[in-house]
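Report on the following structure.
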Amino acid sequence: MTVQNKLGGTFTFPGTSMTVNRMGYGAMQLAGKGVFGPPKDLDAAVAVLREAVESGVDHIDTSDFYGPHITNQIIKQALHPYPKDLTIVTKISAKRGPDGSWIPAFSREELISAVHDNLRNLGLEALDVVNLRAMFSHLGPAEGSIEPMLTVLAELQQQGLVKHVGLSNVTPKQVAEGRGICEIVGVQNLYNVAQRSDDALIDDLAKDGIAYVPFFPLGGFTPLQSSTLDEAAAELGATPMVVALAWLLQRSPNILLIPGTSSVAHLRVNLSAAELVLPGEVLEKLNEIALVA
């Protein structure tokens, strides 16, 4: 097994002084079932966050609509005052119904309120990065102008409440529209070894040094099922999840990972993906998964 740089090496967001290790942590699973309500074990959630930071993770992805509010409050409890090198990325444009449903929250008032909710619950005076999540469809990216919403976020950036802006759940057309409104430092979309519709977008962003952050890198609520992935993992003496994460790190240098977990043991397994370099023949086999899918 060849060893990469610790946590996959580093990445600097374009036009910023923010440099992070490419292996980060996604905080979504710190909330209760369905990303709603409190966790069963608050102490375990706090322990996972502290273990992540102690292991070198300096990029945490979150949102105040996780819980809602609860995940950010746990992050504050576990890590505040924050290490100087910690970058916290959040997202806005959704809210939760009483039944846990996901509801678009695109109005000017809702977007402004969401930024202030994030600031309050994280205990920050300014947010490092805020991603505008497009919510035109619950099934994935769907076309529609993001200009009205992104203009509000750009105004909050000018006011100093938001340092940098990103996009989430967007189409290439929306990325182009967004980049015409303000500087975009990252794009966060669904992408993994089996679901690769963003291949061209990743390569285009890489040319300009813009981060691409795949969510559901292991398939999300429907975990990846692939005999090819299983065989590659057995050959390398790793788990399929670790191989899938390692594949993403090798896919492009602008990819940042944010696998989530509520378990310290699982966190350690996820971070081990940064130590696995996949041989060329294994990469070829894994690249065929998307063709089959």
Selection count where residues are farther than 30 Å from residue 87 by Cα and under 19 Å from the mean Cα position of the chain (by Cα), scope region 255-293: 0
Qualifying positions in region 254-272 - out of contact with any strand residue (DSSP E or B) (no Cβ under 7 Å at 6 or more places or on another chain) and of a type outside the set (Val, Ile, Thr): 262, 263, 265, 266, 267, 268, 270, 272
Residues (touching a Gly at 6+ places or on another chain (Cβ under 9 Å) and not in a loop (DSSP other than H, G, I, E, B)) located in region 17-32: 21, 23, 25, 26, 28, 29, 30
Search result, residues across region 103-136 that are under 19 Å from the mean Cα position of the chain (by Cα) and at pLDDT below 95: 135
Selection count where residues are surrounded by fewer than 19 Cβ atoms within 10 Å (Cβ to Cβ) and assigned to a helix (DSSP H, G or I), scope region 234-282: 13
Residues satisfying the stated conditions in region 162-181, i.e. surrounded by fewer than 18 Cβ atoms within 10 Å (Cβ to Cβ), among the hydrophobic types (A, V, I, L, M, F, W, C) and in contact (Cβ under 8 Å) with a residue 12 or more places away in the chain: 181
Every pair of residues 6+ apart whose Cβ atoms lie under 6 Å, when the first sits in region 105-118 and is surrounded by 17 or more Cβ atoms within 10 Å (Cβ to Cβ) while the second is of a type in the set (Gly, Ala, Ser): 105/93; 105/94; 106/93
Odd one out for residue 90, checked against (1) touching a Ser or Thr at 6+ places or on another chain (Cβ under 6 Å); (2) in contact (Cβ under 8 Å) with a residue 60 or more places away in the chain: (2)
Checklist (1) more than 30 Å from residue 286 (Cα to Cα); (2) in contact with a Pro (Cβ under 6 Å, 6 or more places away or on another chain); (3) of a type in the set (A, V, I, L, M) applied to residue 150, failing item: (2)
Conditions (1) under 28 Å from residue 27 (Cα atoms); (2) out of contact with any helix residue (DSSP H, G or I) (no Cβ under 6 Å at 6 or more places or on another chain); (3) free of Cβ contacts under 8 Å to residues at least 12 places away in the same chain: number failed by residue 234: (1)
Residue match in region 188-201 (condition: aliphatic (A, V, I, L, M), closer than 20 Å to residue 8 by Cα, in a loop (DSSP other than H, G, I, E, B) and in contact with a Lys or Arg (Cβ under 7 Å, 6 or more places away or on another chain)): no
Residue 263 vs. criteria modelled with pLDDT of 95 or more and touching a helix residue (DSSP H, G or I) at 6+ places or on another chain (Cβ under 6 Å): no
Whichever residue in region 200-241 is at pLDDT below 95 and among the β-branched types (Val, Ile, Thr) and, among such residues, is farthest from residue 140 (Cα to Cα): 239
Tally of residues being touching a residue at least 40 places away in the same chain (Cβ under 8 Å), part of a loop (DSSP other than H, G, I, E, B) and of a type in the set (A, V, I, L, M) across region 125-143: 2
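The values are calculated or read from the model by the stated rules, or taken from the named source; none is laboratory data. From a predicted model like this one, the values you see are computed outputs, not experimental measurements. We place every Cβ from the backbone using ideal geometry, glycine too, and count neighbours over all the protein chains shown.
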